[in-house]
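Scroll down for the structure; my scribbles are underneath it.
The values are calculated or read from the model by the stated rules, or taken from the named source; none is laboratory data. Predicted, not measured: the structure shown is a model, and the values here were computed from it. Cβ sites come from the backbone with ideal geometry, for glycine too, and all protein chains shown count toward neighbours. These area figures cover heavy atoms from the full protein model, side chains too; ligands, DNA and RNA do not enter into them. Shrake-Rupley method; radii C 1.70, N 1.55, O 1.52, S 1.80 Å.
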Amino acid sequence: MKKKIVVIIGPTAVGKTKYAIRIAQNLDGEILSADSMQVYEHMNIGSAKPTDEELATVRHHLIGEVDPLQEWSAAEYQKKAKFWIDEMFSRGKLPIICGGTGLYVNSLIYDMDFSTAKGDESLRKELQLLADTMGGQALHDRLTKVDPTAAERIHPNNIKKMIRAIEVVETAGKGIPAFDGVFQKSGDYDSIMIGLNIDRQILYNRIEQRVDAMIEAGLVDEVRMLLALGLTEDDNSMKGIGYKELIGFLQNEYSLKEAVMKIKQNSRNYAKRQMTWFRRYDNIKWFDLTDTVNFEQSVQEVTEYIQSKLVV
RNA sequence: GGAUGGGUGCCCGAGUGGCGAAGGGGCCAGACUGUAAAUCUGGUGCCGACUGGCAUAACACCGCAGGUUCGACUCCUGCUCCAUCCA
């Protein structure tokens, strides 16, 4: 029988962190983050990392472990995450995956093979140049020649996706594994999927409050510090919401007030996209937190649900 | 009191006789196999499954009220509000 992992997902600011910690305590688990920004060192406030206190309560993995100057990718994530899951199993701990990065979650709950082709910087640059000078259609034509199936799936405006598709074919000799919207569940373990959601308007309000709190907690200084470390707006880590907008402010492109508005805006849009992604999961148990008045009781409900699934 | 510019759909904003009004934002929905907090797509007056229907009865119909015209957001008149400048 395959071993079981718990996966807690939901839009940003819904309260995943708090739930995951309490559930880990209840079920003798450890938390494995599935968050593309929280993996980075020094990016604490803006990525809404768990606090030091929280990190001390339950052991966490893949939080603050990557130098933001370093290259990082979903493939890298998958490799390390799987390592940690096995490691937790070996110590008898229940792995609790918690995070809002859909692709990272997919890389664990489905069989996804990122190994076929590594990134090829020079080819990427060449293709980007082609797109810049000749337009997206030219790239799409080229993709059609080497991988018609992929070309059918990818819109000519989606430069990034086309570049990757071409890269895969030209370096690996075959295209991205075809998929028809049906994912193959992971062969390594079974996932108990928990979705946390809340009324949209309430979520949006929480996001705005949290952004204000981040600013008060010193987000601007955090960004200053990262820039001082040599990070620039071109680094992926600095493309995170809360970071890219403040760079603009620090470069005097707009006021702090405007930067804050942009952060709120982008966070809201992000939350929405996350929901689009998560709604596709079947076998997920959604918990609507809209009317939750008692946090502990709510945690208890989720815990009991997981327990019922662990026994089966 | 005088001069000039302007009041357009949730917001910004284009439009100078055929507009249920470009474009952008927001919002809603969707896609997603090595950058994913990224990248991209569609919808958004109302009804509807539609290349369909509805503007003298949901609402709205380009600040308000009239006028000219087959027809006006676009032209004319008056009023009103805002901005800047002069008194």
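Some notes on this structure:
- Taking 0.36 nm per residue of separation and subtracting the current Cα-Cα distance, fully stretching the chain between A:Arg224 and A:Ser308 would add 25.5 nm.
- Two-decimal ratio, chain A, of alpha-carbon radius of gyration to 2.2 N^0.38 Å: 1.05
- Relative pair counts by distance (%), Cα atoms of segment A:1-79, 10 Å bins: 17, 50, 29, 4, 0
- 3J(HN,Hα) from dihedral phi, segment A:265-277, Karplus parametrisation 6.51/-1.76/1.60, rounded to Hz, x for glycine, proline: 4, 5, 5, 4, 4, 5, 4, 5, 5, 4, 4, 4, 5
- A Förster radius of 25 Å combined with the Cβ-Cβ distance from A:Leu103 to A:Lys174 puts the calculated FRET efficiency at roughly 0.75.
- Counting heavy atoms of the protein chains alone, A:Lys18 has an accessible area of about 110 Å² for a 1.4 Å probe.
- For the pair A:Glu126 and A:Arg153 in one chain, pulling the backbone fully straight at 0.36 nm per residue adds 7.5 nm over the alpha carbon distance.
- In Hz, Karplus ³J(HN,Hα) per residue of segment A:222-237 (6.51, -1.76, 1.60; θ = phi - 60°; x = Gly, Pro): 4, 5, 4, 5, 5, 5, 5, 6, x, 6, 10, 5, 7, 6, 4, 4
- Note on chain A: helix-only mean residue ellipticity at 222 nm, from DSSP H runs of 4+ residues weighted -39500 (n - 2.57) and normalised by residue number, equals -16500 deg cm²/dmol.
- Exceeding the 19 Å Cα-Cα cut-off - candidates A:Lys239/A:Lys264; A:Lys79/A:Lys125; A:Lys82/A:Lys161: A:Lys79/A:Lys125; A:Lys82/A:Lys161
- Eligible aspartates and glutamates near A:Lys309 by straight Cα distance, threshold 13 Å, same-chain separation 8 or greater: A:Asp190, A:Glu301
- Rounded to the nearest 0.05, the FRET efficiency derived from the C-beta distance between A:Asp52 and A:Arg280 at R0 = 41 Å is 0.70.
- For chain A, the carbon plus sulfur part of the accessible surface works out to 50%, probe radius 1.4 Å.
- Whole-Hz Karplus values for segment A:33-44 come out as 6, 10, 9, 6, 9, 5, 5, 7, 5, 6, 9, 9 Hz, taken residue by residue from phi with 6.51 cos²θ - 1.76 cosθ + 1.60 and θ = phi - 60°; glycine and proline positions read x.
- What you get for segment A:96-175, charging only the Cβ of Lys and Arg (+1) and of Asp and Glu (-1), is a dipole of about 100 debye around the Cα centre.
- In nm, spacing of pseudo-spin labels at A:Ala75 and A:Lys118 (7 Å Cα→C-beta vector): 0.8
- Amide H contacts under 5 Å for A:Asp190, placed H, 5+ residues apart: A:Lys3, A:Lys4, A:Ile5
- Result for chain A in a Gaussian network model with C-alpha springs under 10 Å: among A:Phe295, A:Phe249, A:Phe287, the largest mean-square fluctuation is at A:Phe295.
- Across chain A, the relative contact order, built from alpha-carbon pairs under 8 Å that are at least six residues apart, equals 26 percent.
- Nitroxide proxy distance, nm - points 7 Å out along Cα→Cβ at A:Arg200 and A:Ala213: 2.4
- Surface accessible to a 1.4 Å probe, per residue, for the residues of chain A, Å²: 52
- Out-of-range pairs (alpha-carbon distance over 18 Å; input A:Lys118/A:Lys160; A:Lys18/A:Lys272; A:Lys2/A:Lys185; A:Lys16/A:Lys244): A:Lys18/A:Lys272; A:Lys16/A:Lys244
- With the convex hull of the Cα atoms taken as the outline of segment A:22-133, the averaged projected area works out to 8.8 nm².
- Relative frequency of Cα-Cα separations exceeding 22 Å in segment A:183-310, percent: 54
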